[in-house]
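**Student:** So that we are looking at the same thing, I have put the structure below in structure tokens.
All of the numbers you see were taken from the coordinates with simple rules; none came from a lab. Please read all numbers here as calculations on a predicted model, not as lab measurements. Counting neighbours? That spans all protein chains shown, and the Cβs are built from the backbone with ideal geometry, glycine included.
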Amino acid sequence: QTPEALATLPAPRDLVATLPVYSTAGGTVPPRWRASSNESFRPPSPAVLAAIDAAARRCQRYPTLQGEPLISALSSDLGVAAAQIVAGGGSLAVLQQLLTAFAGPGREVVFAWRSYEAYPILVRLSGAQDIPVPLTAGHGHDLPAMAAAVTADTAAVILCSPNNPTGTVLGAAEVEDFLAGIPAHVVVVLDQAYIEFADDAEASSRQSLALLAAHPNLVLLRTFSKAYGLAGLRAGYLVSHPSIAAAVRAVSPPFGLNAVAEAAAVAALADTGALAANVSTVREGRIALHAALASRGLALPDSGGNFLWLPVGEGSAALEAACLAQSVSVRSFAGEGVRVTVGSRDAEAAVLRGVDAWLAGGR
Ligand code: PMP
């Protein structure tokens, strides 16, 4: 291209240059195990694979407009009205649509930090200002500080429980107290991407759904990417007051949930045995790996997710490299810590070998 041609290229909006980059694990050699993206290590169950196959054979056709079959399955599973559910191509996409409908220029969105790295990207994409509130020393949400960060311009607050990447869990009572102190015009998103892995998952799911009745500004965000093991297909949803759901639906692209992802999600929801097996594999691995790491003198928070957080600060890059040398990728956050996905005994053993090499090297 000539310099003249480059000079006349269309210029993107200014905000494009301000967007943080969504990064994945580093390393040039493909690792044998990926413990870096909080994916499931188990392939889909036979029932899910059969549903995927059948849907793929009909993929010359458009999917349903809004994912109605999945919405109807979720509606009976969760005991909420179909009008309260919006489904989409991953919970990321659904969150983006929520922010499109409720945030925007001149508005602010409060979230804990560190939390899920897509939040600042999606908030800025909407045109709103991101307001990150530091975690407590115990790596959990600082709810009083988050409430104090709410202003007349706040469009939404995003809570993440279990929090990615620290694993900390907010109890239903804590969320309820928080909601009581937040003005009713502010949307409160509770991102429950990892809720199925929490120790009291069923109870906390029921309790958070029960909060919806008294708090019409509450939005629960869930996904099929983690415990249901469908990250590659992209299916997620929110549950909210019907008016909020209607606004989100209004800004959602038509056919946003593809037919194969939808069929897989419906089948995965019905395959309760596969979910239970996946969750128990993760919980057992989490307990064992947490104990093994703690016995090596590492201080790490309890986690409700399919991952553990090692707050090793400046040691994070070296720890990631030590794990990669054992052919397992983990996710390091420069200067903060390393997040390790659990669920594969082989990957967990490789992580421990990496940790031992890192400790032996004087960190
Ligand atoms: N929320 C949290 C907290 C996450 O960690 C993730 C995925 N890493 C998502 C949302 C997005 O999940 P998906 O778009 O795959 O549903």
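**Student:** Along the Cα-to-Cβ line of residue 61, 7 Å from the Cα, sits a label point; which residues in region 255-282 have backbone N less than 18 Å from it?
**Tutor:** Of the residues in region 255-282, 255-267 have backbone N under 18 Å from the label point off residue 61.
**Student:** Residues of region 306-343 with amide nitrogen under 12 Å from the 7 Å Cα-to-Cβ point of residue 117?
**Tutor:** Once the point is set 7 Å along Cα→Cβ of residue 117, 330-339 turn out to lie under 12 Å by backbone N, inside region 306-343.
**Student:** So what J values fall out for region 110-123 if you push phi through Karplus, 6.51 cos²θ - 1.76 cosθ + 1.60 with θ = phi - 60°, rounded to Hz, Gly and Pro as x?
**Tutor:** 9, 8, 6, 8, 8, 9, 5, 5, 6, 4, x, 5, 5, 5
**Student:** Next question. Given H placed on each backbone N at 1.01 Å, which residues far from residue 157 in sequence or on other chains put an amide H within less than 5 Å of it?
**Tutor:** Amide H neighbours of residue 157: 110, 187, 188, 189.
**Student:** Based on the mean of other beta carbon atoms within 10 Å per residue, what is the order of 180-192, 54-66, most packed first?
**Tutor:** Descending mean neighbour count gives 180-192, 54-66.
**Student:** Below 8 Å between Cα atoms, with a sequence gap of 6+, how large is the relative contact order for region 247-363 in percent?
**Tutor:** 22 percent
**Student:** Return the sequence-ordered ³J(HN,Hα) values of region 230-241 in whole Hz as given by the Karplus equation 6.51 cos²θ - 1.76 cosθ + 1.60 applied to θ = phi - 60°, using x for Gly and Pro.
**Tutor:** 10, 3, x, 9, 6, 8, x, 7, 10, 10, 7, 4
**Student:** Ok, one more. Could you tell me the center-to-center distance, by alpha carbons, between region 123-165 and region 220-245 in angstrom?
**Tutor:** Each part reduced to its Cα centre gives a spacing of 20 Å.
**Student:** For region 46-270, what relative contact order do you get, as a whole percent, if you take Cα pairs closer than 8 Å and at least 6 residues apart?
**Tutor:** 31 percent.
**Student:** Moving to a separate point now. Quick check: the distance between the Cα centres of region 64-88 and region 270-284, to the nearest angstrom?
**Tutor:** What the calculation gives is 22 Å, centre to centre.
**Student:** For the chain, just the Cα set please: Rg and Dmax, both in angstrom.
**Tutor:** Calculated on Cα positions, Rg and Dmax stand at 20.8, 63 Å.
**Student:** May I pose another question? Between residue 145 and residue 296, what FRET efficiency comes out of the Förster formula 1/(1 + (r/R0)^6) with R0 = 41 Å and r the beta carbon distance, rounded to 0.05?
**Tutor:** The pair residue 296/residue 145 has a calculated efficiency of 0.80.
**Student:** What percent does the relative contact order of region 32-165 come to when contacts are Cα pairs within less than 8 Å and at least six residues apart?
**Tutor:** Here the relative contact order equals 20 percent.
**Student:** Still on this structure, please answer the following. Quickly rank 196-204, 234-242 as a protection proxy: mean count of other C-beta atoms within 10 Å, highest first.
**Tutor:** 234-242, 196-204
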